[in-house]
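Report on one structure; see the data block that follows.
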Amino acid sequence: MVEPMMNSMKWASALSTRPSLEAAVEEVAEQARQMLQASADLGIVFISSAFTSEYSRLMPLLRERLSVPVLIGCSGGGVVGMTAIGQVREVEDEPALSLTLAHLPDVNIHAFHISMEQLPDLDSPPEAWVELVGVSPQEQPQFILFTDPASPGISELLQGMDFAYPESVKVGGLASISPITGSGGLFYDYRRKQGGTVGVALSGKIILEAIVAQGCRPIGQPYRVVESERNVVMQLEEQPTDDAVSCGLTRTPLEALQSLLQSLNEDDRSLAQRSLFIGVAQSSFKQNLEQGDFLIRNLLGVDPRTGAIAIGDRIRSGQRIQFHLRDANTSAADLRTLLERYQKQTQPSSTVGALMFSCMGRGEGLYNQPDFDSSLFHEFLSVPVSGFFCSGEIGPVGDTTFLHGYTSVFGICRQPD
């Protein structure tokens, strides 16, 4: 292992699966401190929903054992963290606690809690959102966000933050919902918060980058939307291929889908019966669209009378869409492709730690084996990883931040080159 330079960032992740919350807090606090070997500037905690009845006890227990000045966290359907021997684990449906401690010299850390009742109108100027968050865009902040899924307005919050901080990366997730209270567990400033969003803005000598693995592969060809109303698409136009300048042929989405199904092999045709999605291209200018250029949304239904389809998002005329398939093999290949691309584009030695926000529909239920996404990530970037299984994942596609489903979002922290 390369010895860190003086005044460099350090990152530690600890995991406990002890069923006693006191014992779990004691274990992760001691393990994280020993791994960090420096003063902690930021703490992030993830607690399994198996501890739902004990959420209120978490912050007092941590306050007794930690002196980190900024602490945020949330509950998850499962949690991700590092064992004492440096193995990354995803613990689902069992008691577990994950604690991250980070030593961040020359980094400004601003924590905040936003109640959704405080959200400005979407017609408000950027200054209204800046005032709400409390950080100037000139600081070029990067954001980690945890949201109560029972609080409305998360999409509006992401739109507003993109408006006020267009150059900033935003990653995070929706906390798990408590079956007892119907809300998620959010933690900020050593207290439990009811509703809204908690987060931190990181600025200064730090880079936060995102990998958003949506787990889908495109099939068929892209189409341009000719006619749509809200989330219903009525007419599509075939897009030109490499050997054609222009097609101009219009058809209903159902006709396009029927033609596509006939061209698929038997395995893909069977998969399309249960795992068919719509990818919405995020670039208006890129000619040759490829995997990762699309925002994946659910195909909600088909009208056999008109041939229209309903999609789980608003669609505008002129946008390009393409049918996609999702399964375990595709999800694995998608994440591997994105990690290979990231590794080629960056200096891995500058990466210090990562956060993983994964859909509860992934994990062992998708792959039929534990720790898949986190272990694959660790294969490419051998840094401490922590995170949780979300009710929705926050991450960018193109220049816009979205709330996703069935996705694994990685927020990667590294030092500037």
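Below, the figures for the structure above:
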| item | result |
| --- | --- |
| Most positive-pole-ward Cα, ILE296, GLN235, PRO222, against dipole of the range 211-359 from beta carbon charges | ILE296 |
| Counted charge near ASP148, where neighbours are those whose Cβ lies closer than 13 Å (Asp, Glu -1; Lys, Arg +1) | +1 |
| Nearest-20 debye value, the chain charge dipole, Cβ charges on Lys, Arg, Asp, Glu | 240 |
| Kirkwood hydrodynamic radius of the range 1-98, Cα pairs, Å | 13.8 |
| Directionally averaged shadow of the range 99-249, computed from the convex hull of its alpha-carbon atoms, nm² | 13.9 |
| Debye equation applied to the C-alpha atoms of the range 47-127, log10 I(q)/I(0) at 0.24, 0.25 Å⁻¹ | -1.24, -1.27 |
| Burial ranking of peptide ranges 389-395, 125-131 (average Cβ count within 10 Å, highest at the top) | 389-395, 125-131 |
| Lys, Arg +1 and Asp, Glu -1 on Cβ, resulting dipole of the range 1-102 about Cα centre, debye, nearest 20 | 240 |
| Cβ-based exposure ranking for MET35, MET161, in which fewest neighbours within 10 Å come first | MET35, MET161 |
| Rounded if a/c under 1.5, otherwise prolate or oblate - the range 291-417, Cα gyration tensor axes | prolate |
| Whole-Å distance, taken between Cα centres, linking the range 118-160 and the range 67-84 | 23 |
| Kirkwood hydrodynamic radius (C-alpha pairs) into Stokes-Einstein, the chain, 10 °C and 1.306 mPa s, D in µm²/s | 71 |
| Highest to lowest packing among 306-313, 198-205, 134-141, scored as the average C-beta count within 10 Å | 198-205, 306-313, 134-141 |
| Using a Förster distance of 41 Å, the FRET efficiency for ARG65-ASN329 (Cβ separation, nearest 0.05) | 0.45 |
| Dipole moment magnitude, nearest 20 debye, the range 68-180 about Cα centre, only Lys, Arg, Asp, Glu C-beta charged | 400 |
| Packing-based exposure ordering (other Cβ within 10 Å, fewest first) of ARG316, ARG217, ARG63, ARG18 | ARG316, ARG63, ARG18, ARG217 |
| Value in Å of the Kirkwood radius, where the range 168-317 supplies the Cα pairs that are averaged | 18.8 |
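Any read-out appearing in this document is the output of simple, stated calculations on the displayed coordinates, not a laboratory observation. Nothing here was measured: the structure is a model prediction, and the numbers come from that model. So basically every Cβ, Gly included, is an ideal-geometry build from the backbone, and we count neighbours across all protein chains shown.
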